[in-house]
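The values are calculated or read from the model by the stated rules, or taken from the named source; none is laboratory data. Computed from a predicted structure; not experimentally measured. Because the Cβ atoms are built from the backbone with ideal geometry, glycine has one as well, and the counts that use them run over all protein chains shown. With ligands, DNA and RNA removed, areas are computed over all heavy atoms of the protein, side chains included. Shrake-Rupley method; radii C 1.70, N 1.55, O 1.52, S 1.80 Å.
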Amino acid sequence: MSRPNLIGMLPSELEDLAVELGASRYRGRQLATWLYRKGVVTLSAMTDLPQDFRAALAERTEIALPEVDRVTPSQDGSRKLVFRLADEGRVSAVIMPDDERITLCLSTQVGCGYGCTFCLTGTMGLERNLTAAEIVGQLLVANAQLEAGQRVTHLVFMGMGEPLANLAALVQAIRIMIDARLGLGYSPRRITVSTVGLVPGMERLGRENLKVNLAVSLHATTDEVRGRLMPVNRSWNLATLMDAVRRYPLAPRQRVFFEYVLLEGVNDAPEDAQRLARLLRGIRAKVNLIPFNDWENSTFRRPPLPRILAFQSTLLEAGITTTVRWSKGEDIGAACGQLREPIPA
Ligand code: SAH
Ligand code: SF4
């Protein structure tokens, strides 16, 4: 049996563990502070923990982070971290600095089983879910990669995988990230979970009441087109999806984000923009248009700039906040939908 990993345990679980090992809950709280607040992952450096407690931890548990396989810097300042997992699986996270803001795009699965036709990750199929430790680990490693005094400020679950298909680990990881006292202390408003549109998962995430932002990958305004682009639409069609969005609990002033990848000749017509505006009527929405990021052998193309801007204008005129997300890291295969690491034999 492998020893349990301290990374990925909730602060309350670390307190329980301390008691189990004959120490007090207070020692568990100190341990959580070292791991999550200070980002210290070696027991010998945890100088205020008693020797015998550290010895028990060393014997019975481990502190394991995903190993950095390589770091690829982009010309635009972003950096892709490729992680080698214990079973040799690979996932990546992307650090995207923008003035004061440092956003980290996190993965939740090795591969993805939803097979959206415009997404390179989707061509891999699903290998496995990441553990909470592997999700939190990406953040701890990314923070350690930054200069002293800097840390990631915003988190988006938009890397490899479908977060809501790995809900238990996702929720555990987010709880550690938002714990203000003994965890990483991120505001839930700075965390965004993107989903392909898994309705039961959206309902369960809503019930967890974490107050994180929800982003829904919409990408089309008719079931016909959405079904062609996203096989998941056959399980939960647009009407069902939009109902679930309406029921998603929002804090005052919080909005639901909608992602819409623009594919030339597929979903970028003026009528699409008008239908999208109608679909979002009455919803506190913000739209992110993502011009398609190309990958080898894909059959889609990015629309020309005037077409992108015209699409945006139609939505703006309908009173919908709409931004165009010019993806970061396109030159290093780190842009939205470009994440794919070779699966070792
Ligand atoms: N599985 C989740 C989160 C990961 S993908 C989801 O689908 O929402 C993050 C975003 O990138 C999604 O909106 C996805 O549809 C989009 N995307 C995928 N492939 C893309 C590509 N080639 N170009 C632009 N955006 C893409
Ligand atoms: Fe999976 Fe999201 Fe890619 Fe679809 S867009 S295949 S759900 S990662």
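Scanning segment 94-104 for residues that are within 15 Å of ligand 2 (Cβ to nearest atom) and open to solvent by 40 Å² or more (accessible area, probe 1.4 Å) gives no hits. Of the set (1) on the phi < 0 side of the Ramachandran plot; (2) outside any helix (DSSP H, G or I), all apply to residue 226 but (2). Is it true that some residue in segment 281-298 is touching a Pro at 6+ places or on another chain (Cβ under 7 Å) and touching a residue at least 40 places away in the same chain (Cβ under 8 Å)? Within segment 281-298, not a single residue is touching a Pro at 6+ places or on another chain (Cβ under 7 Å) and touching a residue at least 40 places away in the same chain (Cβ under 8 Å). Quick check: anything in segment 115-127 within 13 Å of ligand 1 (Cβ to nearest atom) and over 15 Å from residue 338 (Cβ atoms)? Yes, segment 115-127 contains a residue that is within 13 Å of ligand 1 (Cβ to nearest atom) and over 15 Å from residue 338 (Cβ atoms). One residue stands out among those in segment 186-216 that are more than 14 Å from the chain's Cα centre (by Cα) and open to solvent by 30 Å² or more (accessible area, probe 1.4 Å): the one that is nearest to residue 115 (Cα to Cα), which is 200.
Going by the conditions given, is residue 232 within 21 Å of the chain's Cα centre (by Cα), of a type outside the set (Phe, Trp, Tyr) and surrounded by 15 or more Cβ atoms within 10 Å (Cβ to Cβ)? In short, yes. For residue 107, the requirement of being open to solvent by less than 20 Å² (accessible area, probe 1.4 Å), among the hydroxyl-bearing types (Ser, Thr, Tyr) and within 25 Å of residue 180 (Cα to Cα) is met. Tell me, which residue of segment 75-93 that is touching a helix residue (DSSP H, G or I) at 6+ places or on another chain (Cβ under 9 Å) and of a type in the set (A, V, I, L, M, F, W, C) is surrounded by the fewest Cβ atoms within 10 Å (Cβ to Cβ)? Within segment 75-93, the match that is surrounded by the fewest Cβ atoms within 10 Å (Cβ to Cβ) is 86. In this structure, residue 8 does not satisfy being exposed (fewer than 15 other Cβ atoms within 10 Å of the Cβ), of a type outside the set (Lys, Arg) and either out of contact with any Asp or Glu (no Cβ under 9 Å at 6 or more places or on another chain) or in a loop (DSSP other than H, G, I, E, B) (or both).
Can we say residue 68 is crowded, with 21+ Cβ neighbours inside 10 Å and closer than 28 Å to residue 31 by Cα? So residue 68 does not fit the description; no.
Show the residue pairs meeting these rules: Cβ distance below 8 Å; 6+ apart or different chains; first residue within segment 244-255 and within 19 Å of residue 279 (Cβ to Cβ); second residue at pLDDT below 95. What qualifies is 246/282.
When residue 147 is tested against (1) part of a loop (DSSP other than H, G, I, E, B); (2) under 13 Å from residue 339 (Cβ atoms); (3) open to solvent by 10 Å² or more (accessible area, probe 1.4 Å), exactly one condition is not met: (2). Residue check: is residue 110 closer than 30 Å to residue 228 by Cα and assigned to a strand (DSSP E or B)? Yes; evaluated as a whole, the condition is true for this residue. Scanning segment 239-258 for residues that are more than 19 Å from residue 290 (Cα to Cα) and open to solvent by 10 Å² or more (accessible area, probe 1.4 Å) yields 239, 240, 243, 246, 247, 248, 249, 250, 251, 252, 253.
Just wondering, is there one or more residues in segment 287-294 that are closer than 14 Å to residue 216 by Cβ, open to solvent by less than 80 Å² (accessible area, probe 1.4 Å), of a type outside the set (Phe, Trp, Tyr) and away from ligand 2 (no atom under 16 Å from the Cβ)? Yes, because at least one residue in segment 287-294 is closer than 14 Å to residue 216 by Cβ, open to solvent by less than 80 Å² (accessible area, probe 1.4 Å), of a type outside the set (Phe, Trp, Tyr) and away from ligand 2 (no atom under 16 Å from the Cβ). If you check residue 272 against the conditions, is it more than 16 Å from ligand 2 (Cβ to nearest atom), acidic (Asp, Glu), out of contact with any His (no Cβ under 7 Å at 6 or more places or on another chain) and free of Cβ contacts under 8 Å to residues at least 60 places away in the same chain? The answer is yes for residue 272. Go through segment 113-137 residue by residue and tally those that are outside any loop (DSSP other than H, G, I, E, B) and away from ligand 2 (no atom under 16 Å from the Cβ). Final tally of qualifying residues: 5.
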